[in-house]
Amino acid sequence: MDSLTELKFAAKKEHKKVVSVANAEDENILQVVKIALEEDLCQFLLVGDELKIMKLAKQIGLNLYNWREKVTIKHETDITNIAQSAIRAVKQEQADIVMKGKIPTKKVLKAVLHKEKGLRTGKVLSHVAVFEVPSQEKLVLLTDAAMNIAPDIQQKAIIVENAVKVAQNIGISLPKVAALAPVEVINPAMQSTIDAAALTQMQRRGQIENCLIDGPLAFDNAVSKDAAVQKGISSDVAGDADILLVPSIEVGNALYKSFVYYAQAKVAAIISGAKAPIVLTSRADPIESKLHSLSLAIMTATTK
C-alpha cells in the first residue's frame, strides 16, 4: 500500500479487533473512539472511571448506549489498576490491542513488561513509525525513534525484526532496510558504521531473515537514487529503502519530527515486540495520527 488512507481501508476489512484503552477519561481519545466506531474500524474496551467517561462522551456527542455491541466500559479509578486492567484484557484475549489514554506512558509500559501479568515475549520492544511523505511514492518506516536510547548490535537486530514484521503486515513482502550512519564507509571511530556493516552481513548469512539490509548508508543515499548513483553506491536498498534503521534515539527523534514538521508527512506509529501492538500516541498528536496508528495496530495484531 502506498498511503495511510489505503492502510485504513485495509484495516476496515479485517476482523474487527478490540482495542483496550488504558484510561479513556479524555476528550481527545473519545473523539478517536467516536470516529473509529462511525467508520466501523474496530471495537473498544474503555478502562477508567465510568461516570467520567460517560460524561465526556456525552459532551462530544458520543452516545455510548447506542454502541453497546461494540463498546464495553471497565470501571476502574486507580491509575495503576487501570493500566493493569487494560493489559490483562489483552493477556486474557478479551482485547487485541493496547492504546494509551490519559495515563503516563511509564504506567502502561510497566504493566506491559510485568513478568507474569504483562505481554512480554522476551524480545526488545521498539517503536515503529510509518510515514506518508508527500514527495515520496511509497510508505517508509522509521525505527526506533522513541523506545531504545542507544541499542547495541543484538538489540538492533531485534529492532529490525520487529519493523520487518510490521512492514510485511502492511504489504511489503521483502522490505529493504537501510542501516543509517553519517557516512557510507566503515569508520572505526563511528560505532554506527560498524553496527550497520555487521547487520548487513548478518542478513546475508541468514541471521536476520525476510528482508534485505544494506549499510552503512547516509540518509540521502538511503532515500534518493540520484544521491546513491552520485556516490557510486550500487545495491538493492540504496535509494529505495522501505525501513530506515537509526543508530540512536537522538537520530530517530530528529528524523521523526523533521518528517512531520518540515516534510508535512502523515504518520502512524506503534510499539512492536510485545504479544500485542501498543499505541502510545501523545495527547498532542492530531486525531488523524491516532486513527492511522489504530489502523496500523489493527493490521499488525495477531488474528484470532
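Selection of the stretch 206-224 for residues being in a loop (DSSP other than H, G, I, E, B) and surrounded by 15 or more Cβ atoms within 10 Å (Cβ to Cβ) yields Ile208, Cys211, Ala218, Ser224.
Residues are listed down the side, and each one gets a yes or a no for (1) surrounded by fewer than 23 Cβ atoms within 10 Å (Cβ to Cβ); (2) within 14 Å of the chain's Cα centre (by Cα); (3) closer than 22 Å to Glu250 by Cα; (4) polar (S, T, N, Q):
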residue: Gln94; (1), (2), (3), (4): yes, no, no, yes
residue: Val112; (1), (2), (3), (4): no, no, no, no
residue: Ile153; (1), (2), (3), (4): yes, no, yes, no
residue: Ile172; (1), (2), (3), (4): yes, no, no, no
residue: Ser192; (1), (2), (3), (4): yes, no, yes, yes
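Check the stretch 30-38 and report whether any residue there is of a type in the set (A, V, I, L, M), part of a loop (DSSP other than H, G, I, E, B) and open to solvent by less than 10 Å² (accessible area, probe 1.4 Å). No, the stretch 30-38 has no match at all. Restricting the stretch 157-170 to residues that are outside any loop (DSSP other than H, G, I, E, B) and open to solvent by less than 10 Å² (accessible area, probe 1.4 Å), which is farthest from Ile271 (Cα to Cα)? Filtering the stretch 157-170 for residues that are outside any loop (DSSP other than H, G, I, E, B) and open to solvent by less than 10 Å² (accessible area, probe 1.4 Å), the one farthest from Ile271 (Cα to Cα) comes out as Ala157. Being part of a helix (DSSP H, G or I) and touching a helix residue (DSSP H, G or I) at 6+ places or on another chain (Cβ under 7 Å) is true of Ala227. Scanning the stretch 229-259 for residues that are surrounded by 15 or more Cβ atoms within 10 Å (Cβ to Cβ) and without any contact (Cβ under 8 Å) to a residue 24 or more places away in the chain yields Ser235, Gly239.
Checking each residue in the stretch 114-131 for being under 16 Å from the mean Cα position of the chain (by Cα) and either among the basic types (Lys, Arg) or not in a loop (DSSP other than H, G, I, E, B) (or both) picks out Lys123, Ser126, His127, Val128, Ala129, Val130, Phe131. Do we find a residue being among the hydroxyl-bearing types (Ser, Thr, Tyr) and closer than 30 Å to Glu93 by Cβ anywhere in the stretch 265-281? Yes: one or more hits.
The values are calculated or read from the model by the stated rules, or taken from the named source; none is laboratory data. Computed from a predicted structure; not experimentally measured. A quick note on method: Cβ atoms are made from the backbone with ideal geometry, for glycine too, and the neighbour counts reach across all protein chains shown. Each accessible area value is taken on the protein alone, full model and side chains, heavy atoms only, with ligands, DNA and RNA left out. Shrake-Rupley method; radii C 1.70, N 1.55, O 1.52, S 1.80 Å.
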